[in-house]
1. When you scan the stretch 48-81, how many residues do you find that are part of a helix (DSSP H, G or I) and surrounded by fewer than 22 Cβ atoms within 10 Å (Cβ to Cβ)?
2. If you check Val145, Val132, Val189, which single one turns out to be β-branched (Val, Ile, Thr) and either in contact with a Lys or Arg (Cβ under 8 Å, 6 or more places away or on another chain) or over 18 Å from Val265 (Cα atoms) (or both)?
3. Those residues that are more than 11 Å from the ligand (Cβ to nearest atom) and within 16 Å of Asn147 (Cβ to Cβ), I need them from the stretch 25-62; list them, please.
4. Go through (1) under 10 Å from the mean Cα position of the chain (by Cα); (2) closer than 21 Å to Asp267 by Cα for His121 and report which single condition fails.
5. Return the total of residues in the stretch 82-91 being loosely packed, with under 15 Cβ neighbours inside 10 Å and part of a loop (DSSP other than H, G, I, E, B).
6. For the stretch 145-153, check the following and say yes or no: at least one residue is acidic (Asp, Glu), assigned to a helix (DSSP H, G or I) and closer than 30 Å to Leu103 by Cβ.
7. Any residue in the stretch 121-137 that's closer than 18 Å to Thr74 by Cβ: show its pairings with residues that are within 13 Å of the ligand (Cβ to nearest atom) and in a helix (DSSP H, G or I) at Cβ separation under 7 Å, as long as the two are six or more apart or on different chains.
8. Which residues, counting only those in the stretch 106-121, are small (Gly, Ala, Ser) and either more than 14 Å from the ligand (Cβ to nearest atom) or at pLDDT below 95 (or both)?
Amino acid sequence: MADDVTASVQSQFGRAAADYATSSVHAQGESLARIVELTAPQKTWEALDVATGAGHTAAIFAPHVASMIASDITDEMLQEAAKLANARRISNILTAKAAADALPFPDQSFDLVCCRLAAHHFPDLHAFVREVRRVLKVGGRFALVDNVAPDAERLPGESATAIDAAIADYNGFEKLRDPSHGFAPPPQVWIDLLQSNGFKIAAHEQIEKELEFTPWVTRMRCTPEVISELETILRDGPAPLRTFLKPRRDDAGALHFTLQELLIVADRQS
Ligand SMILES: C[S@@+](CC[C@H](N)C(=O)[O-])C[C@H]1O[C@@H](n2cnc3c(N)ncnc32)[C@H](O)[C@@H]1O
């Protein structure tokens, strides 16, 4: 992986690691319980969580599997993940430093690889999917959750050109808030990528995630200038992007908006 991308991720997440331990989006988001249901993990499975962050996904899967390796590229995040496992008295989680596109594990090591709310940081989604396939046993299961960009279903009536612009605008909005954001594609790109790499899709669905603006920018330590720019986009930005993000104020005046999470469960075919 390019050193500057790694450094950006490690600096961004190193500073914010403790905030991810308590972030409600990460610790309690609807996709957490739902991805376990869709995956139907087995007690005999050896599992790997890629880009574990503060370890919420590793911790929710761990009681359902034999063993879980919680991996990440940022040391401070691995420390948070270990703390969470200790606090919950989960004894089958080990942590390991690993880049998503160069997983330091032998071929066919795992029955389950999971990865939640992280792939949009990875520099090369193709390399990531190839690595997931390589470390999974044949028949092994991949459980992915990530934010996705707008598509025709979310922006009905928009032209293909307008949707392409909205995909770029959405990723620009995310990158402004978090410079380590790479690219979040629309859902079909993930499905095509998995199928073309020898996976069979077992389940996929989308969840609408409501976010409160202030904790979202605070978690990333955004400067006042960036916060103001992001607010301006939510108020006056391109119409398709605003249709997608649905900015609104609650009764107390707090700004909220919506993101889309894609959940996919896919099995390695051969
Ligand atoms: C939002 S956090 C992950 C959230 C966590 N999976 C959960 O469910 O709560 C994103 C994580 O991705 C990690 N990360 C970013 N790029 C990575 C890469 N290329 N390889 C491995 N980890 C990476 C960051 O260090 C950070 O801990």
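The values are calculated or read from the model by the stated rules, or taken from the named source; none is laboratory data. Quick caveat, the model's predicted, so the values are computed rather than measured. Cβ: placed from backbone, ideal geometry, glycine included. Neighbour counts: every protein chain shown.
1. Going through the stretch 48-81 one residue at a time, the tally reaches 6.
2. Val145
3. Residues satisfying the conditions are Glu30, Arg34.
4. Exception for His121: condition (2).
5. Residues that pass the stated criteria total 3.
6. No: the stretch 145-153 contains no residue that is acidic (Asp, Glu), assigned to a helix (DSSP H, G or I) and closer than 30 Å to Leu103 by Cβ.
7. Partner pairs satisfying both residue conditions: His121/Val9; Phe122/Phe128; Pro123/Val5; Phe128/Ala119.
8. Ser109
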